[in-house]
Each structure stands twice: as structure tokens, then as C-alpha cells.
1. Only one of (1) within 16 Å of the ligand (Cβ to nearest atom); (2) more than 20 Å from the chain's Cα centre (by Cα) fails for ALA155. Which number is that?
2. Looking at GLY242, GLY332, GLY319, GLY233, can you tell me which residue is in the same structural domain as ASP89 (by TED's automatic domain parsing) and either farther than 30 Å from PRO70 by Cβ or free of Cβ contacts under 8 Å to residues at least 24 places away in the same chain (or both)?
3. Tell me, which residue of region 180-204 that is open to solvent by less than 10 Å² (accessible area, probe 1.4 Å) and not in a helix (DSSP H, G or I) is nearest to the ligand (Cβ to nearest atom)?
4. What's the total number of residues in region 205-224 that are more than 16 Å from the ligand (Cβ to nearest atom), of a type in the set (A, V, I, L, M, F, W, C) and farther than 22 Å from THR164 by Cα?
5. Take region 135-154 and flag every residue that is in contact (Cβ under 8 Å) with a residue 24 or more places away in the chain, on the phi < 0 side of the Ramachandran plot and open to solvent by less than 20 Å² (accessible area, probe 1.4 Å).
6. Search region 279-299 for residues being open to solvent by less than 10 Å² (accessible area, probe 1.4 Å) and in contact with a Gly (Cβ under 9 Å, 6 or more places away or on another chain), and hand back the single one that is nearest to TYR66 (Cα to Cα).
7. If ARG300 passes every condition in (1) basic (Lys, Arg); (2) more than 18 Å from the chain's Cα centre (by Cα); (3) closer than 28 Å to HIS128 by Cα but one, which one does it miss?
8. Identify, by number, the condition in (1) surrounded by fewer than 16 Cβ atoms within 10 Å (Cβ to Cβ); (2) in contact with a Leu (Cβ under 6 Å, 6 or more places away or on another chain) that LEU389 doesn't meet.
Amino acid sequence: MTNSKLTISRRSELLVQSEIRNMSIECDAMGGINLSQGVCDMDVPEIVKKGAHDAIEAGYNFYTRYDGLPEIREAIARKCESFNHLKVDPEKNVIVSGGATGAFYSACLALLNDGDEVIIFEPYYGYHINTLAAAGAVPVFVRMHPPDWTFSLQALEAVITPHTKAIMINTPANPCGKVFSQAELDLLADFCIRHDLFIFTDEIYEYFVYDKHKHISPATDPRIQDRTITISGYSKAYSITGWRIGYCLCDAKWKETIGFINDLVYVCAPSPLQMGVVSGINHLSEEYYQQISHRFGAIRDQLCSTLTDIGLTPFVPQGAYYILADVSKIAGKDGKDRAMNLLRQTGVATVPGNAFYHDAMGDNFVRFCFGKDEKVIDQACAKLSKIKL
Ligand SMILES: Cc1ncc(COP(=O)(O)O)c(C=O)c1O
């Protein structure tokens with residue numbers, strides 16, 4: 001045993017690497033179809049690209065204010081009013097950050113202390129857990145149950161301690177596709193008020209909603225508006241994951257501190273790319289957003305019926321572009337084993353369910369990403385149909 005000081009930080013030791021990268025490597029090695037990565041095949045709207053090009057030519061090449069250009073904060077405020085039914089002041093309530101990821105990290109560093117507990121629904125999105133851990137907070141898990149990913153108030157009450165400071169939701173959710181209903185949000189609002197908690201809500205998939213389901217932002221409830229930290233962005237809606245444009249909406253009393261952290265970590269979101277997003281918000285019609293739901297709703301149906309036909313059990317998602325499926329009929333001791341068997345037999349890569357659970361609950365699940373071009377899904381379905389269970 002050496003006593004060298006050349007070690008990684010305790011904070012880094014807490015971070016969990018997901019299997020997504022490994023599955024992609026295995027998939028590439030065998031020329032398979034990669035349904036593991038959460039990347040969407042949609043084209044970037046021309047008007048969004050043009051907005052960014054034009055902005056570079058027009059001289060938007062410098063640091064912007066810590067919370068983003070006035071143009072994007074104003075555009076986001078208009079979008080929030082028309083789409084989310086939320087009144088936000090571009091000056092007091094909006095911080096543009098390095099993607100939704102940057103917005104959430106800034107909010108966590110600004111609002112959470114070491115040891116604060118944050119209730120998080122399981123299955124979860126791994127970045128949420130790692131972001132909380134990096135901020136020194138402790139995730140506390142409450143299970144949602146398939147097929148509709150329901151949860152109980154008793155389960156929430158059971159995990160409350162004097163250290164509980166916040167609850168986090170993701171609606172529509174990655175990986176299970178849950179879209180929280182008004183009744184569920186009402187229950188959560190009461191719960192947050194009763195226990196004096198913040199509510200973090202990641203709404204990055206807000207335009208990917210299917211069937212009769214509706215995206216509802218918790219901040220529309222005036223009783224909890226001041227304790228709600230809304231995280232969203234344009235990575236998914238405009239298929240610009242590499243641009244890093246996301247935002248945080250919060251009450252004026254939190255804005256400066258979250259903005260200060262955002263400044264410290266990211267300085268600002270890329271300025272010409274902020275203008276690309278402004279161009280999209282200002283010019284794309286409602287039909288653009290509606291066709292996202294129609295298109296991916298149909299792709300979801302195709303992949304779910306193939307999975308059912310071959311004897312697996314997909315939990316049909318209400319939103320986002322992932323299907324969590326019970327694949328316990330595929331041999332294997334855990335999610336990784338099953339995902340590898342599926343990849344070897346069919347050439348389709350998925351993410352082992354263990355990436356979304358802190359315990360063995362994920363052993364029987366894998367996640368399929370269907371944010372893909374129709375042709376890719378056709379090929380994936382043809383390959384999946386060859387499986388022998
Ligand atoms: C739930 C969720 N939030 C946030 C992100 C990342 O968003 P951004 O690219 O804006 O950081 C993802 C990406 O997969 C996600 O699934």
C-alpha cells in the first residue's frame with residue numbers, strides 16, 4: 001500500500017461509467033445497428049443552420065452575457081408562453097447554458113450542499129445521478145413500476161429524511177418514456193410543499209410525446225413555481241446535440257447564483273449557435289414540432305410490435321425516444337449479458353438495463369433507442385426478427 005497523493009478525487013470515484021460507449025464499440029466492431037446511443041437521426045432544420053451561419057458572419061463570435069444573448073432569452077420566453085403555458089421574464093428567469101446538462105449541473109452546484117439528499121425516480125438517466133454526485137448530493141431512489149411506470153406516495157414519504165432537499169423528475173422520461181400526468185404532478189406538488197423541497201424537472205424531450213399524452217411543465221402550478229427548476233434545451237428538438245444549447249428556468253431569487261455558476265463553468269453557451277436556435281424558435285411553425293410526435297410515434301409502434309412479435313415485452317413509451325423492454329427470455333445473468341447476447345444473435349445494440357438502476361432490478365431490461373431514421377428501424381426490425389428465444 002502506497003501513500004501517494006497522486007490519486008483521483010473522491011468525487012470522481014463516485015461517478016459511474018455507463019455501458020453505452022462499450023456497447024457502441026462492440027456494435028461497430030461487428031457492423032451492427034446501434035440502437036444504444038441516445039442520438040436522434042433527424043435532420044437539423046435548414047433555418048437553424050442558416051441562423052448560426054449568418055450569426056458568425058454578423059459578428060456573433062464573442063462571449064455573451066453569462067445567461068445568454070437577449071435574443072435567445074426572449075425567444076425562449078415566447079416559446080415558454082405559447083408551448084409550456086409558462087410566463088417567464090427573459091431578464092429574471094432564464095439562463096442559457098451548455099446544454100440541458102450544463103443547466104442542470106449549474107443548478108445543482110448553486111442550490112445543493114454536500115450531503116443533501118435528492119429523491120430520484122428509478123429507472124433514471126445516468127447523467128442525473130452523476131451530476132448530483134459531482135455536486136456532493138446524495139441520490140435517493142424511488143421506484144416506478146412498469147408497464148405505466150407508476151409510483152406511490154408511500155414510497156416517496158418513506159425516503160424523506162431531515163436531509164432531503166429536492167426531488168427530480170424527467171418528463172418525458174429517459175429511459176422509460178413516462179410522461180407525468182397532471183394528477184401525478186399535483187401529488188408531487190403537494191409533497192414538495194409539505195416537505196419544503198425543490199423540484200428539478202428535466203424536460204428535454206418535451207416535443208416527443210405520443211398518443212393522448214400531453215407534456216405538462218410542473219412550473220405551471222403557481223403553488224410551486226418558486227421552488228421549481230426547469231431544465232430543457234434544443235439538443236433533441238433541433239437535433240443539435242453537439243451545439244450545447246440548453247437552459248434553466250427558475251425563480252428570480254435563484255437566477256443570479258445559478259447564472260454565476262454557469263459563468264464559472266461554461267462562461268457562456270456558443271454565441272452563434274445561440275442565434276441558430278433563435279432562428280429556429282422564431283421561424284419554425286407548429287407543424288414542425290407536431291411532425292416530431294407523428295414521425296416518432298409511428299417508429300415507436302413499429303419497433304414495439306416487432307419486439308412483441310419476437311416474444312419480448314416492450315413497455316410502450318408515452319414520450320421520448322427509448323423503449324425499455326423486458327428481455328428476461330434472452331439468456332444471461334444480467335442486463336449486460338442479455339444485451340451482448342442480443343447483439344451477437346441479431347446485430348442490434350441496446351443499453352443494458354443496469355445502466356438505469358442502482359441495484360439488480362435492471363438485470364432483465366435493455367433499452368432500445370428509436371430516434372432513428374425509418375430505414376434504420378426497418379433494418380433493425382428485420383435483424384431482430386431472426387432471434388431465437
Ligand atoms: C433526460 C436527458 N436529459 C438531458 C440530456 C442531454 O441534453 P443536452 O444535450 O442538452 O445536454 C439527455 C440526452 O440524452 C437526456 O436523455
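1. Here ALA155 clears every test but (1).
2. GLY242
3. Step by step, filter region 180-204, then rank; the result is GLU203.
4. 1
5. If the condition is that a residue be in contact (Cβ under 8 Å) with a residue 24 or more places away in the chain, on the phi < 0 side of the Ramachandran plot and open to solvent by less than 20 Å² (accessible area, probe 1.4 Å), then ALA135, ALA137, MET144 are the ones that fit.
6. So the residue we want is GLY280.
7. Of the numbered conditions (1) basic (Lys, Arg); (2) more than 18 Å from the chain's Cα centre (by Cα); (3) closer than 28 Å to HIS128 by Cα, the odd one out for ARG300 is (2).
8. Going through (1) surrounded by fewer than 16 Cβ atoms within 10 Å (Cβ to Cβ); (2) in contact with a Leu (Cβ under 6 Å, 6 or more places away or on another chain) one by one, LEU389 breaks only (2).
The values are calculated or read from the model by the stated rules, or taken from the named source; none is laboratory data. Given the structure is predicted, the values throughout are model-derived calculations rather than measurements. We place every Cβ from the backbone using ideal geometry, glycine too, and count neighbours over all the protein chains shown. Remember, those area values only see protein heavy atoms, side chains included, never the ligands or the DNA or RNA. Shrake-Rupley method; radii C 1.70, N 1.55, O 1.52, S 1.80 Å.
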